[in-house]
Amino acid sequence: MKPPDVKALILQHLPEVVGAVVVSSRPDNGTNRYVRVLASGGDGRSNRLQQTLQVTLDVYAESTGRAHTLAMDADAWMHALPASALPINRIAGATTPAEYPDPDVGLARYTATYQVVVLCR
């Protein structure tokens, strides 16, 4: 039994919710509003059927206000995942999206991390 690819699910479904590009690495084409999804570990398998995975969302936009709004939209969607048709059992924990300046990019950034419990199939 393997867990679903949570990062791939986020990359596929989050763009329609937030109205921004969702990527796995920072784009170098001048895009100034995007969400970067990082698979950042997790607690692992707790039993034969459940595994806790961790994902981090870095949200970039032209201003702090726009980055905050986009981050809060993504946060609401993440917390609603257990009620969706996607194979997410629950959100075991999460950080509140926080302003976290990125010195390498001239954009505002908010970051949040989520512990996602999935059912292995």
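The values are calculated or read from the model by the stated rules, or taken from the named source; none is laboratory data. Quick caveat, the model's predicted, so the values are computed rather than measured. So basically every Cβ, Gly included, is an ideal-geometry build from the backbone, and we count neighbours across all protein chains shown.
Results, tabulated for the structure shown:
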item: Residue that is nearest to the chain's Cα centre (by Cα), among those in the range 1-29 that are surrounded by fewer than 17 Cβ atoms within 10 Å (Cβ to Cβ) and hydrophobic (A, V, I, L, M, F, W, C); result: Leu11
item: Val116 crowded, with 16+ Cβ neighbours inside 10 Å, β-branched (Val, Ile, Thr) and farther than 15 Å from Val17 by Cα; result: yes
item: Breaking point among (1) surrounded by fewer than 15 Cβ atoms within 10 Å (Cβ to Cβ); (2) touching a Ser or Thr at 6+ places or on another chain (Cβ under 8 Å); (3) among the small types (Gly, Ala, Ser); (4) modelled with pLDDT of 95 or more, for Ala108; result: (1)
item: Subset tally (residues that are outside any helix (DSSP H, G or I), modelled with pLDDT of 95 or more, among the small types (Gly, Ala, Ser) and surrounded by fewer than 21 Cβ atoms within 10 Å (Cβ to Cβ)) for the range 46-91; result: 1
item: Number of positions in the range 35-45 that are part of a loop (DSSP other than H, G, I, E, B) and either touching a residue at least 40 places away in the same chain (Cβ under 8 Å) or surrounded by fewer than 13 Cβ atoms within 10 Å (Cβ to Cβ) (or both); result: 3
item: Failed item in (1) over 11 Å from the mean Cα position of the chain (by Cα); (2) free of Cβ contacts under 8 Å to residues at least 60 places away in the same chain, with Asn32 passing the rest; result: (2)
